[in-house]
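Peer 1: Encoded as structure tokens, here's the structure I'll be asking about.
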Amino acid sequence: MDDEKVGTNIAERRRSLGISQKDFSEKLKFSQSYISEIETGKVDPPERTKSLIESFLAEGEKARQGIKDAEIKEMGNKSPEVENMNDLINKAKIVLRQPDDNQYRKALIENIKAFFLAVASDPPNSGPEDPG
């Protein structure tokens, strides 16, 4: 990769992490003008400097991916299925506190059956089905 492409790649990755050139240079203990020269391809930094920059960017990208993974997990915890299940659990708690009233228990059982039938008929997309 030529110097300009290396520099452009560094600049794009830095920006994607939301780091200003000034902050980036301070974190790496370089002058901002030196980082600018690297990013514009005016300077070909030594391998040690490239390695330091690469490590810093890779760590930032890894941290960002960890945040995304956590956000996705959090979104999954708020899925309609989970919310419906929580609603059923709360209904079950109310019904089970009632005196022996079969009407409430039957209604609860029907709600639970309906929930599981709905979930079973619409499983999450896990990729192509096995034709076999």
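Peer 1: How much length is gained on full extension from residue 90 to residue 48, taking 0.36 nm per residue of separation minus their Cα-Cα distance?
Peer 2: 9.2 nm
Peer 1: Here's another thing I want to ask about it. Just from the alpha-carbon atoms, what are the Rg and Dmax of the stretch 3-77 in angstroms?
Peer 2: In Å, with Rg to one decimal and Dmax whole: 14.2, 49.
Peer 1: Going down the list 5/68; 5/42; 22/42, which pairs span over 20 Å between their C-alpha atoms?
Peer 2: Details: 5/68 28 Å; 5/42 11 Å; 22/42 18 Å.
Among 5/68; 5/42; 22/42, the Cα-Cα distance tops 20 Å for 5/68.
Here, each number is a calculation from the coordinates, and none is a lab measurement. Keep in mind it's a predicted model, so treat the numbers as computed, not measured.
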